[in-house]
Amino acid sequence: MKQLNDSELVSLFKTGSNEAFEEIVMRYQADVYSYLLSITKSAEISSDILQDSFIRAFKKLKDYNDENKLKNWLFTLSRNMTMDYYRKNNKYLIPLETQDEDEASVIDYLSDNTPQPIEMAISNGISESVKKALEELSGEERELIYLKDSMTFKEIAEMQNKPIGTLLSKFNRALAKLKKILSETEPEVYNEYVQ
Amino acid sequence: MNMCNNLPLYIYNEMSEKEKELFENHLAGCVQCRENLKTCAAVKNASHIQSAPLNAIENIFDKTVRKQPFFNFSKTWKLGFAAAACLMIAVFSVISDHTDYSGAYTSYDKVPVSYEDISNIDSELDEFERIFLA
Ligand SMILES: [Zn+2]
């Protein structure tokens, strides 16, 4: 099962193979979960949305026809589920004026109004300081940096329907911000990582 | 396109050989890019990927591939059979107690059913439930 590519897994799933679905979940759960963490900043909410997303994927996958873009599809699905989650949740009610705007502004809104720290394992190699610095980025910038762990710029451009140039500019802006934050707040970390 | 903008493509190895060569030429003469190179590499090397909690994954499987069908056919069959058997017992016990001397069956709705009859049926129902639903 592990040797099969995404396209083969989807085809197999359509023949009724539960194992194929299990492999899809195991292959992408960490990518999707980490991505959700970058948006929600909450392990609990990310875990809930992750479950809803894969349960929905299970129902929808039989009608899905673009087998080569499974990863893209799963990320888009989980992003939409995140929007739904917050729209349904009164606690994080989105003001009307942002509801019809670009989804990215919704992500910014959510991120900026959920001040709890990103809940990540300390042992995963990134220093506390870099984590803190990432939290000072806008939701959109942080989302892009996290997406880069799982996707190429080309894939993100396709998923978000944006030109690569726009994404690169955004990424570079985020880098410049990170550099500034680190050099100001954590000069020793900045030196360790960057110099 | 502005060459400096392409730095992330270089760091994430998303350039063709030709693009890479062009960019390396640019890098040699661009102080800004050389400065940003390390920040970009630091971000790339600090992987943010982490696994979801095990119970979340278990829940996904419970609600998808391990989900029990709404109707359990063997249980439904047993229940149906038990119900039919109980009905037959009930009808026969009433009829056999109230057959008149001519041998004809009295119509069911004219049979005066005593408290005892009902409690007999009840106990038989219990017995069938015990046997068939065990
Ligand atoms: Zn440059």
Checklist entry - Quick one: which helices (runs of 4 or more DSSP H) sit completely within the range B:1-49 and have at least 1 residues that are surrounded by fewer than 17 Cβ atoms within 10 Å (Cβ to Cβ) and near the ligand (Cβ under 10 Å from one of its atoms)? => result B:17-29, B:31-45
Checklist entry - Do any residues in the range B:34-62 that are facing chain A (nearest Cβ under 7 Å) have Cβ atoms under 8 Å from those of residues that are charged (D, E, K, R) and within 16 Å of the ligand (Cβ to nearest atom), where the two are at least six apart or on different chains, and which pairs are they? => result B:ASN36/A:LYS179; B:THR39/A:LYS179
Next on the checklist: Going through A:ARG79, A:ARG56 one at a time, which residue ends up being charged (D, E, K, R), modelled with pLDDT of 95 or more and open to solvent by 20 Å² or more (accessible area, probe 1.4 Å)?
Outcome noted: A:ARG56
Checklist entry - Take the residues of the range A:152-162 that are more than 10 Å from chain B (Cβ to nearest Cβ) and open to solvent by 60 Å² or more (accessible area, probe 1.4 Å): which is nearest to A:PHE75 (Cα to Cα)? => result A:GLU158
Item to check | Which numbered condition A:LYS131 fails, given (1) touching a helix residue (DSSP H, G or I) at 6+ places or on another chain (Cβ under 8 Å); (2) among the basic types (Lys, Arg); (3) surrounded by 15 or more Cβ atoms within 10 Å (Cβ to Cβ) | outcome: (1)
Next on the checklist: Can you find a residue that is away from the ligand (no atom under 14 Å from the Cβ), modelled with pLDDT of 90 or more and surrounded by fewer than 12 Cβ atoms within 10 Å (Cβ to Cβ) anywhere in the range B:64-76?
Outcome noted: no
Item to check | helices (runs of 4 or more DSSP H) lying entirely in the range A:4-76 (those with 1 or more residues that are facing chain B (nearest Cβ under 10 Å), over 18 Å from B:SER51 (Cβ atoms) and within 20 Å of the chain's Cα centre (by Cα)) | outcome: A:43-60
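The values are calculated or read from the model by the stated rules, or taken from the named source; none is laboratory data. Small disclaimer: the values here were computed from a predicted structure and weren't measured. Cβ: placed from backbone, ideal geometry, glycine included. Neighbour counts: every protein chain shown. These area figures cover heavy atoms from the full protein model, side chains too; ligands, DNA and RNA do not enter into them. Shrake-Rupley method; radii C 1.70, N 1.55, O 1.52, S 1.80 Å.
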